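Since the structure comes first, as structure tokens, the remarks are kept for the end.
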Amino acid sequence: MPKILLEPYGLGVYEVIGDEKIISRILEKSLYGKSDDVLHVDYLEILYHLYRDTIIVKEGDKQLSFYDLVSTLSKYNENIWVVFEVFLDIRRRGRVVKSGVYESSLIVQKGNDIIEYHIMEESKLVKVSEIERLVLFSRKNNREPVLAIVDRNGNLTYYAVERIKLPKIS
């Protein structure tokens with residue numbers, strides 16, 4: 001069974017146990033690279049399969065539950081729950097999703113287009129300048145920016161974002 005390191009946080013080394021086809025699919029969708037005998041894999045893909053009970057993750061002799069791994073990851077990404085909710089929603093729509101550059105962003109390839117989801121909680125204040133910064137970053141990198149807003153009940157709303165210049169009013 002492969003030994004993995006969870007990226008982008010460099011966490012691990014964990015052992016993944018499961019059906020060879022599922023492990024191959026995980027590696028196909030989320031492999032960052034390899035060092036020695038350790039595979040560097042996107043943490044969200046491992047969480048997803050652990051959530052669905054299609055793999056077992058072990059740290060030494062201890063088998064980790066989905067909640068054990070979320071608890072560990074929440075030390076590095078306080079938004080892990082909302083990020084995973086959006087990840088899960090996009091995966092259910094049949095898309096391949098990867099972690100984005102920011103801890104609260106996801107990347108989806110859709111044909112020739114790359115969509116970058118910036119995930120925010122409805123209950124947290126965000127400055128307009130921060131949204132502008134995220135949108136400009138996406139555009140600069142030839143990605144279509146989308147805001148994914150998660151409300152208190154876990155409901156998701158997606159907004160396509162465009163930058164416009166308004167004429168001066170005299």
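Miscellaneous remarks
- Summed over segment 93-146, residues that are aromatic (Phe, Trp, Tyr), within 14 Å of TYR158 (Cα to Cα) and open to solvent by 50 Å² or more (accessible area, probe 1.4 Å) total 0.
- Single unsatisfied condition, GLY33 versus (1) over 16 Å from the mean Cα position of the chain (by Cα); (2) surrounded by 13 or more Cβ atoms within 10 Å (Cβ to Cβ); (3) assigned to a strand (DSSP E or B); (4) not basic (Lys, Arg): (2)
- Hey, TYR43 of a type outside the set (Gly, Ala, Ser), surrounded by fewer than 18 Cβ atoms within 10 Å (Cβ to Cβ), touching a strand residue (DSSP E or B) at 6+ places or on another chain (Cβ under 6 Å) and closer than 27 Å to ASN141 by Cα or not: no
- Residue, nearest to THR157 (Cα to Cα), within segment 57-89, restricted to residues that are crowded, with 20+ Cβ neighbours inside 10 Å and touching a strand residue (DSSP E or B) at 6+ places or on another chain (Cβ under 8 Å): VAL86
- The single condition among (1) closer than 21 Å to LEU88 by Cα; (2) assigned to a strand (DSSP E or B) that ASP53 does not meet is (2).
- In segment 63-92, the residues that are without any contact (Cβ under 8 Å) to a residue 24 or more places away in the chain form Cβ pairs under 8 Å with partners that are in a helix (DSSP H, G or I) and open to solvent by 30 Å² or more (accessible area, probe 1.4 Å), at six or more places apart or across chains, as follows: PHE66/TYR51; VAL70/TRP81; SER74/TRP81.
- First in segment 152-170 and open to solvent by 100 Å² or more (accessible area, probe 1.4 Å), second anywhere and in a loop (DSSP other than H, G, I, E, B), Cβ under 8 Å, 6 or more apart: ARG152/GLU122; ARG152/SER123
- Any hit, segment 12-28, residues being under 17 Å from the mean Cα position of the chain (by Cα), charged (D, E, K, R) and closer than 26 Å to LEU147 by Cα: no
- Residue within segment 153-162 that is closer than 26 Å to LYS75 by Cβ, modelled with pLDDT under 95 and of a type outside the set (Asp, Glu) present: yes
- You will find that of VAL126, VAL38, the residue that is farther than 22 Å from ILE4 by Cβ, more than 13 Å from the chain's Cα centre (by Cα) and free of Cβ contacts under 8 Å to residues at least 60 places away in the same chain is VAL126 and no other.
- Close pairs from segment 21-34: first over 17 Å from LEU5 (Cβ atoms), partner surrounded by fewer than 16 Cβ atoms within 10 Å (Cβ to Cβ) and modelled with pLDDT of 80 or more, Cβ under 8 Å, at least 6 apart: ILE22/THR54
- Residue list for segment 19-30, restricted to those being small (Gly, Ala, Ser) and either surrounded by 14 or more Cβ atoms within 10 Å (Cβ to Cβ) or touching a helix residue (DSSP H, G or I) at 6+ places or on another chain (Cβ under 6 Å) (or both): SER30
The values are calculated or read from the model by the stated rules, or taken from the named source; none is laboratory data. Note that this is a predicted model, so its numbers are computed, not measured. Methodologically, a virtual Cβ is constructed for each residue, glycine included, from the backbone with ideal geometry; neighbour enumeration extends over all protein chains shown. These accessible areas exclude ligands, DNA and RNA; they are computed on the full protein's heavy atoms, side chains included. Shrake-Rupley method; radii C 1.70, N 1.55, O 1.52, S 1.80 Å.
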